Amino acid sequence: MEYDLDAIVTPFVTEYIREKTTQEDALLESLEQYAKENDIPIAGPETARLVSVLTRIKQPSHILEVGTAIGYSAIIMARAAGSGCRILTLEYDEETAKTARKNISAARLEDAIEVVCADAKDYLSYIDGDEIFDMIFLDGPKAHYVYMLDDAVRLLKKGGILVSDNVLFKGMTADDGHFARRKVTIIHRLREYIDRLMAHPQLETALLSQGDGVALSVKVQSDLERFGY
């Protein structure tokens, strides 16, 4: 048996939450429909709303996103953060990045959001500067999260928020008896990622059953403090 999204939270609870999480923005609604019709993974409605609320609370001036897709989450974060926030979002596929830029332009946010076509796990290591992002949203290839963690922590300001989506992966991360064998590599790497998050000396992390599973981390210790300076 392979779990589906409703296996994480009781189906009637999921249905109730989604009933209450209405989308009133015409552009975002059109992007949701486009993603559904074209089988493009974007943040689920519960997670999208959580990210929006976290962004409004944090009021970040600089956000890093891994996994632009069609620009849906970047637009949500840019609107929630308001003027003055800059978002760097990374997308591996060039055609998808072009679509994202088109949607971001339609939202009139091209001055706030920069889409870079790159392999995130390599690109992050090239970014100079220590603690430069107030918020990081990981929503790219799940098997790569574990390889991006060190750079994500390095690039996050003290007090900054790291949001990792899909960490429960349709419930399969939590249960040896219910994951598809073809997903074994992703599941093992997600488990390693979660273990490292929970044990990381610079982070405090909560695991949430929101959507497809979200890890919410805050950086509680800077690199200098970690080494006793």
Of those in segment 190-229 that are free of Cβ contacts under 8 Å to residues at least 40 places away in the same chain and assigned to a loop (DSSP other than H, G, I, E, B), the residue most open to solvent (accessible area, probe 1.4 Å) is TYR229
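Being touching a residue at least 24 places away in the same chain (Cβ under 8 Å), of a type in the set (S, T, N, Q) and within 14 Å of ILE136 (Cα to Cα) narrows it down to one of THR99, THR89, so name that one. Walk me through it before giving the result.
On the way: THR99 fails: within 14 Å of ILE136 (Cα to Cα).
THR89 is the lone residue from the list that is touching a residue at least 24 places away in the same chain (Cβ under 8 Å), of a type in the set (S, T, N, Q) and within 14 Å of ILE136 (Cα to Cα).
Looking at VAL163, VAL167 in this structure, which one is assigned to a loop (DSSP other than H, G, I, E, B) and closer than 24 Å to ARG49 by Cα?
Working: VAL163 fails: assigned to a loop (DSSP other than H, G, I, E, B).
Result of the check over VAL163, VAL167: VAL167.
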Just to be sure before I move on: is THR68 closer than 30 Å to LYS183 by Cβ, of a type in the set (Val, Ile, Thr) and over 13 Å from the mean Cα position of the chain (by Cα) in the structure I sent? no
Of residues in segment 43-69 being touching a residue at least 40 places away in the same chain (Cβ under 8 Å), in contact with a helix residue (DSSP H, G or I) (Cβ under 9 Å, 6 or more places away or on another chain) and hydrophobic (A, V, I, L, M, F, W, C), the one surrounded by the fewest Cβ atoms within 10 Å (Cβ to Cβ): LEU54
ILE40 fails exactly one of the following numbered conditions: (1) under 30 Å from ARG181 (Cβ atoms); (2) part of a helix (DSSP H, G or I); (3) open to solvent by 30 Å² or more (accessible area, probe 1.4 Å). What is the number of that condition? (2)
ASN166 meets each of (1) touching a His at 6+ places or on another chain (Cβ under 9 Å); (2) open to solvent by less than 50 Å² (accessible area, probe 1.4 Å) with one exception, condition (1)
From the set of residues in segment 71-104 that are more than 16 Å from the chain's Cα centre (by Cα) and among the polar types (S, T, N, Q), which is most open to solvent (accessible area, probe 1.4 Å)? SER83
Restricting attention to segment 9-28, which residues are open to solvent by less than 50 Å² (accessible area, probe 1.4 Å) and charged (D, E, K, R)? ASP25
Which of the residues that make up segment 113-147 are under 21 Å from LEU203 (Cβ atoms), of a type in the set (Phe, Trp, Tyr) and either open to solvent by 10 Å² or more (accessible area, probe 1.4 Å) or part of a strand (DSSP E or B) (or both)? PHE133, PHE137, TYR147
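Do we have GLU110 as open to solvent by 60 Å² or more (accessible area, probe 1.4 Å) and outside any loop (DSSP other than H, G, I, E, B) here? Give the steps one after another, and end with the answer.
Working: open to solvent by 60 Å² or more (accessible area, probe 1.4 Å): yes; outside any loop (DSSP other than H, G, I, E, B): no.
So GLU110 fails the test.
The values are calculated or read from the model by the stated rules, or taken from the named source; none is laboratory data. Computed from a predicted model, the values in this text were never measured in an experiment. Here Cβ is always computed from backbone atoms with ideal geometry, including for glycine, and neighbour counts include all displayed protein chains. Heads up: the accessible areas ignore ligands, DNA and RNA and are worked out on the full protein's heavy atoms, side chains in. Shrake-Rupley method; radii C 1.70, N 1.55, O 1.52, S 1.80 Å.
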